[in-house]
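Enquirer: First the structure, which I've put down as structure tokens, then a few questions once you've had a look.
The values are calculated or read from the model by the stated rules, or taken from the named source; none is laboratory data. Just so we're clear, the structure is a prediction, and the values are computed from it rather than from any experiment. All Cβ positions, even for glycine, are placed from backbone atoms using ideal geometry, and neighbour counts span all protein chains on display. Quick note on the areas: whole protein, heavy atoms, side chains included, nothing else; ligands and nucleic acids left out. Shrake-Rupley method; radii C 1.70, N 1.55, O 1.52, S 1.80 Å.
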Amino acid sequence: VVGVDLGGTKVLAGVVDHDGKVLSRYKAKTRQYKGQPSELLDLIAESVHGAVGDAHLELSAIEAVGVGIPGALDPTRDLVSVAPNLGWINLPARDELSKRLNGITVRLENDVRNAALAESVLGAGAGSQSMVAIFVGTGIGGGLIAHGELQRGTHGGAGEVGHTVIRAGRGLCSCGQKGHLEALAARPAVTAYIARHVKRGEKTTLVGRGHGKTDVQYLTSGDVEAAVKKGDALATRAVQRSARYVGLACGSLVNLLDPQLIVLGGGLVDAIGQQYLDWAAEAARPHILSKLAHDTPIVAAKLGDDAGLLGAALTARQA
Ligand SMILES: [Zn+2]
């Protein structure tokens with residue numbers, strides 16, 4: 001099968017074998033095709049051909065293609081309802097792609113849901129039947145696995161853990177509402193917290209490293225990680241705050257779903273590592289009602305940047 005991880009800046013296509021081994025990787029830039037669906041679909045088809053060629057195969061040897069979409073899909077997964085970074089609205093992307101690939105079977109899934117699926121089959125949740133994944137980066141996304149299957153929900157939107165209310169009225173979310181987990185705990189919230197306190201005169205190693213006071217909000221996960229490792233008090237507090245909010249969400253999710261485990265991943269979690277998981281778990285445990293569920297494992301994602309590609313391949317395999 002071919003897995004395709006589609007984003008606002010690049011598309012990555014790869015041939016993946018039955019054991020989940022990636023046989024080829026083909027990358028192309030997508031930014032210039034925002035708002036030009038037909039051209040971007042052509043590029044995706046070209047990337048599939050590229051990945052197949054790089055694996056020294058013919059398209060006829062491919063059983064199905066799975067594509068991870070950075071946006072919302074309808075319940076049938078035929079239609080992309082909205083993908084803001086691509087400028088797509090109500091696009092019948094599944095048929096359009098199949099047409100461009102000699103009628104090959106194409107399956108679409110949300111990109112973050114694909115990553116959760118990959119973690120549940122090939123990563124940190126391998127062998128589990130129920131799992132929640134939360135990815136903390138520029139935004140916060142997630143996915144829910146129950147009975148060994150990715151849950152899509154009644155209308156196709158299940159798994160949007162980033163938009164659960166954690167602190168009513170506090171923090172403006174990318175979706176326009178307030179108090180959502182994403183607004184409180186994603187990387188922009190961490191850097192905004194640091195920027196706020198720098199403005200109040202608090203010292204941090206993150207100022208004077210070429211970032212300057214007004215640039216603190218543009219810090220990367222790597223910058224924040226380096227500061228935490230150095231023992232920077234403000235950076236540490238900012239990350240701890242993010243981890244605690246994510247932990248509160250974990251506690252609520254355990255009460256609601258009682259999964260076998262919770263997997264935390266994404267740029268910020270990957271950068272900080274075990275310390276982030278420990279802070280999240282510490283915040284989660286007191287809120288877990290069932291004594292039996294008290295020690296529900298909260299573990300690190302294993303697949304890193306490959307999760308999207310592997311998840312797309314698994315989605316293809318399900319076809
Ligand atoms: Zn939101």
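Enquirer: Once you have a ≥ b ≥ c as the square roots of the Cα gyration tensor eigenvalues for segment 265-319, tell me rounded if a/c is under 1.5, and otherwise prolate or oblate according to whether a/b is larger than b/c.
Expert: oblate
Enquirer: Only Lys, Arg, Asp and Glu count, each charged at its Cβ (+1, +1, -1, -1), so figure out the dipole size of segment 212-292 about its Cα centre, rounded to 20 debye.
Expert: 260
Enquirer: Further, regarding this structure: Let me make sure I get this right: for segment 51-159, a, b and c are the square roots of the gyration tensor eigenvalues over alpha carbons, sorted descending. Under 1.5 in a/c it's rounded, otherwise prolate if a/b > b/c, else oblate. Which is it?
Expert: Cα axes put segment 51-159 in the oblate bin.
Enquirer: Let me ask something else. I need two numbers for the chain: Rg to one decimal and Dmax as a whole number, Cα atoms only, in Å.
Expert: Gyration radius and largest Cα-Cα distance of the chain: 20.1, 63 Å.
Enquirer: What does the charge count around Ser128 come to, taking other residues whose C-beta lies under 13 Å from its C-beta (Lys +1, Arg +1, Asp -1, Glu -1)?
Expert: The answer is -2.
Enquirer: Before anything else, pin down the relative contact order of the chain: Cα pairs under 8 Å, at least 6 apart, normalised by residue count, whole percent.
Expert: Taking the mean separation of contacting Cα pairs over the length of the chain, I get 20 percent.
Enquirer: Okay, moving on. log10 I(q)/I(0), Debye, Cα-only segment 1-124, no solvent, q = 0.10, 0.15, 0.20 Å⁻¹?
Expert: The Debye formula, applied to the Cα set alone, gives -0.27, -0.63, -1.14.
Enquirer: Order the following by accessible area, largest value first: Ser98, Ser60. Probe radius 1.4 Å; ligands, DNA and RNA are ignored.
Expert: Ser60, Ser98
Enquirer: I've got another one for you. Tell me which lysines have Cα within less than 28 Å of Lys203's Cα, excluding those fewer than 8 residues away on the same chain?
Expert: Lys213, Lys229, Lys230
Enquirer: Rounded, prolate or oblate for segment 196-319? Axes are the square roots of the Cα gyration tensor eigenvalues, ordered a ≥ b ≥ c, and the cut-off for rounded is a/c under 1.5.
Expert: oblate
Enquirer: Please compute the per residue accessible area over segment 1-64 with all protein chains in place, 1.4 Å probe, rounded to a whole number of Å².
Expert: Details: 3310 Å² over 64 residues.
Each residue of segment 1-64 exposes 52 Å² on average to a 1.4 Å probe.
Enquirer: Still on this structure, please answer the following. Before I look further, what does segment 65-176 give for accessible area per residue, probe 1.4 Å, in whole square angstrom?
Expert: Value for segment 65-176: 41 Å² per residue.
Enquirer: Further, regarding this structure: Among the trypsin sites (Lys or Arg not before Pro) within segment 1-85, which fall in a DSSP loop and have no more than 12 other Cβ atoms within 10 Å of their own Cβ?
Expert: Lys21
Enquirer: Within segment 1-97, which GluC sites (Glu not before Pro) sit in a loop by DSSP and count at most 15 neighbouring Cβ atoms inside 10 Å?
Expert: Passing sites in segment 1-97 are Glu58, Glu63.
Enquirer: Determine the share of the chain's accessible area contributed by carbon and sulfur atoms, expressed in whole percent, with a 1.4 angstrom probe.
Expert: 50
Enquirer: Also, I was wondering about something else. Could you please report the charge total around Ser47, scoring K, R as +1 and D, E as -1 over all other residues with beta-carbon less than 12 angstrom from its beta-carbon?
Expert: Once positives and negatives cancel, what remains is +1.
Enquirer: Given Cβ point charges of +1 (Lys, Arg) and -1 (Asp, Glu) and nothing else, what value in debye, to the nearest 20, does the dipole of segment 24-69 about its Cα centre take? Walk me through the numbers before you get to the answer.
Expert: Values: 5 positive and 6 negative charges, 74 e Å.
Computed about the Cα centre, the dipole is about 360 debye.
Enquirer: Sticking with this structure for a sec: Positive end of the charge dipole of the chain (Lys, Arg +1 and Asp, Glu -1 on Cβ, about the Cα centre): tell me which of Pro75, Gln260, Ala281 has its Cα farthest that way.
Expert: Result: Ala281, furthest along the dipole toward the positive end.
Enquirer: Restricting to the chain, compute how many DSSP beta bridges are antiparallel as a %, nearest 5. Spell out each step's value before the answer.
Expert: Values: 25 of 43 bridges.
Beta bridges within the chain, antiparallel portion: roughly 60 percent.
Enquirer: Rounded to the nearest 20 Debye, what is the dipole magnitude of the chain about its Cα centre when Lys and Arg each give +1 and Asp and Glu each give -1 at the C-beta?
Expert: 1420
Enquirer: No solvent, one uniform scatterer per C-alpha: report log10 I(q)/I(0) for segment 114-177 via the Debye equation at q = 0.21 1/Å, two decimals.
Expert: Taken in order of the listed q values, log10 I(q)/I(0) reads -0.85.
Enquirer: In percent, how large is the relative contact order of segment 72-214, given Cα pairs closer than 8 Å and 6 or more residues apart?
Expert: On the way: 216 pairs, mean separation 21.3, N = 143.
For segment 72-214, the relative contact order is 15 percent.
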